[in-house]
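Enquirer: Provided herewith is a single structure, encoded as structure tokens, for subsequent inquiry.
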Amino acid sequence: MPLSSTAFLALWNDVDPDVEAEYDRWHTVEHVPERVGIPGFLAGRRYRSDAADQPRYFTLYEVKDAAVFDSAAYRDVIEHPTPWSATMRPRLRNVVRATCETISSMSGAAAPAAIACARFSCAPDTPLDAAALTNACLRIAGVRAVHLGRALDSVPQAFQQWSQRAAPSHVLLLEGDDEASLRASFAALEAALEAAIEAAIEAHGHAIEAATLDAYTLAFQVAHAQVDDALRRTSAPLSIDAHSGH
């Protein structure tokens, strides 16, 4: 389905193995619903994969617009974590975070149950043809929807512990019916990316870092209207001295 927003938040992470079961409960019962309950957040999805050589989890939040990332309500949940969040945040590993403005979103039929993620970095003024890239990806067998986002500079102080060298300049998301078929499309996806990147470099003369490709299966999703009122912040809680997280 097309993203029903002009911005999104993409996050990749692992978690310490001894708290993985608790992480799944926390993420489902509290963390994602708490975020999605913030005004301007529209929906949240958690994906996971058992594949090696990639982060185990990917989380995608749809937001109304990029201004949400600088809102008082969003800063509140970051700066004043719940006791459970304060316990879980230090257990996160290999975190990559990208707040993005959506520059292209196209879809076909069906409600996909899996997602492939390509994150890459261009020079800031490299002129990617977003429509051409998303159209090329939508023609790949098994791909039902494609979204391209340009990463923003919105990084709350709470996230400075994570290296910004890992943050991409662009995030490309391909939705499909299952993780296996999306993995089978990686070669075609790489070709589409290479064609778009080469055209941009030829037009502007800037190099680009190679894309990192991952794929995941949908594990949980919630929409703003489904969030229990008890998880919606009405006032800022007492500050908790804790490590920060997403």
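The values are calculated or read from the model by the stated rules, or taken from the named source; none is laboratory data. It should be emphasised that the depicted structure is a prediction, and the values quoted were computed from it without experimental measurement. Virtual Cβ from ideal backbone geometry, glycine too; neighbours counted across all protein chains shown.
Enquirer: Scan region 37-50 and tell me whether some residue there is at pLDDT 95 or above, more than 24 Å from L138 (Cα to Cα), among the charged types (D, E, K, R) and part of a helix (DSSP H, G or I).
Expert: No; the residues of region 37-50 include none that is at pLDDT 95 or above, more than 24 Å from L138 (Cα to Cα), among the charged types (D, E, K, R) and part of a helix (DSSP H, G or I).
The rows are residues; the columns are (1) over 23 Å from L193 (Cβ atoms); (2) touching a helix residue (DSSP H, G or I) at 6+ places or on another chain (Cβ under 9 Å).
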{"site": "L42", "(1), (2)": "yes, yes"}
{"site": "A67", "(1), (2)": "yes, no"}
{"site": "A72", "(1), (2)": "yes, no"}
{"site": "R75", "(1), (2)": "yes, yes"}
{"site": "E79", "(1), (2)": "yes, yes"}
{"site": "L92", "(1), (2)": "yes, yes"}
{"site": "T99", "(1), (2)": "no, yes"}
{"site": "A116", "(1), (2)": "no, yes"}
{"site": "P127", "(1), (2)": "no, yes"}
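Enquirer: Only one residue in T87, T59, T28 is surrounded by 18 or more Cβ atoms within 10 Å (Cβ to Cβ) and hydroxyl-bearing (S, T, Y), so which one is that? Walk me through it before giving the result.
Expert: On the way: T87 fails: surrounded by 18 or more Cβ atoms within 10 Å (Cβ to Cβ); T28 fails: surrounded by 18 or more Cβ atoms within 10 Å (Cβ to Cβ).
Just a single option satisfies the conditions, and that option is T59.
Enquirer: Evaluate region 180-194: report whether one residue or more is among the charged types (D, E, K, R), surrounded by fewer than 19 Cβ atoms within 10 Å (Cβ to Cβ), modelled with pLDDT under 95 and closer than 19 Å to L138 by Cα.
Expert: Yes, some residue in region 180-194 is among the charged types (D, E, K, R), surrounded by fewer than 19 Cβ atoms within 10 Å (Cβ to Cβ), modelled with pLDDT under 95 and closer than 19 Å to L138 by Cα.
Enquirer: Of everything in region 91-125, what is more than 26 Å from F186 (Cα to Cα) and more than 20 Å from the chain's Cα centre (by Cα)? Give them in sequence order. Quick ask: steps written out before the conclusion?
Expert: If we filter region 91-125 for residues that are more than 26 Å from F186 (Cα to Cα), which is where we start, we get 91-92, 125.
Within region 91-125, just D125 meets the criteria.
Yes or no, residue by residue, for (1) of a type outside the set (A, V, I, L, M); (2) more than 18 Å from the chain's Cα centre (by Cα); (3) at positive phi:
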site	(1), (2), (3)
R48	yes, no, no
Q54	yes, no, no
D65	yes, no, no
V68	no, no, no
E79	yes, yes, no
W84	yes, yes, no
M88	no, yes, no
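Enquirer: Out of S85, S49, report the one residue that is closer than 18 Å to C117 by Cα, among the polar types (S, T, N, Q) and either in contact (Cβ under 8 Å) with a residue 60 or more places away in the chain or touching a helix residue (DSSP H, G or I) at 6+ places or on another chain (Cβ under 6 Å) (or both). So that I can check it myself, show each step before the final result.
Expert: Details: S85 fails: closer than 18 Å to C117 by Cα.
Just one listed residue meets the conditions, S49.
Enquirer: Here's another thing I want to ask about it. Note down all Cβ pairs under 6 Å where the first residue falls in region 54-65 and is farther than 9 Å from F41 by Cα and at pLDDT 95 or above, the second is among the hydroxyl-bearing types (S, T, Y) and crowded, with 23+ Cβ neighbours inside 10 Å, and they're at least six residues apart or on different chains.
Expert: From region 54-65, the pairs are F58/Y47; F58/Y216.
Enquirer: Moving on to the next point. Would you say T126 is at pLDDT below 90 and of a type outside the set (D, E, K, R)? Break it down into steps so the answer makes sense when it comes.
Expert: Details: at pLDDT below 90: yes; of a type outside the set (D, E, K, R): yes.
For T126, the condition - at pLDDT below 90 and of a type outside the set (D, E, K, R) - is met.
Enquirer: Could I ask something else about it? Considering every residue within region 58-70, establish whether at least one is farther than 19 Å from R232 by Cβ and in a loop (DSSP other than H, G, I, E, B).
Expert: The answer is yes, given that some residue of region 58-70 is farther than 19 Å from R232 by Cβ and in a loop (DSSP other than H, G, I, E, B).
Enquirer: So for region 69-84 (the condition being under 30 Å from L138 (Cα atoms) and either modelled with pLDDT under 95 or crowded, with 19+ Cβ neighbours inside 10 Å (or both)), does at least one residue qualify?
Expert: Taking region 69-84 as the starting set, the residues that turn out to be under 30 Å from L138 (Cα atoms) are 69.
Subset that is either modelled with pLDDT under 95 or crowded, with 19+ Cβ neighbours inside 10 Å (or both): 69.
Yes: one or more hits.
Enquirer: Restricting to region 3-23, what's the tally of residues that are in contact (Cβ under 8 Å) with a residue 40 or more places away in the chain, more than 10 Å from R91 (Cα to Cα) and either in contact with a helix residue (DSSP H, G or I) (Cβ under 6 Å, 6 or more places away or on another chain) or not hydroxyl-bearing (S, T, Y) (or both)?
Expert: Restricting attention to region 3-23, the residues satisfying the condition of being in contact (Cβ under 8 Å) with a residue 40 or more places away in the chain are 3-16, 19, 22-23.
Next, only the ones that are more than 10 Å from R91 (Cα to Cα) stay: 3-13, 22.
Subset that is either in contact with a helix residue (DSSP H, G or I) (Cβ under 6 Å, 6 or more places away or on another chain) or not hydroxyl-bearing (S, T, Y) (or both): 3, 7-13, 22.
Going through region 3-23 one residue at a time, the tally reaches 9.
Enquirer: Across region 96-153, what is the number of residues that are in contact with a Cys (Cβ under 9 Å, 6 or more places away or on another chain), surrounded by fewer than 20 Cβ atoms within 10 Å (Cβ to Cβ) and not in a strand (DSSP E or B)?
Expert: 1
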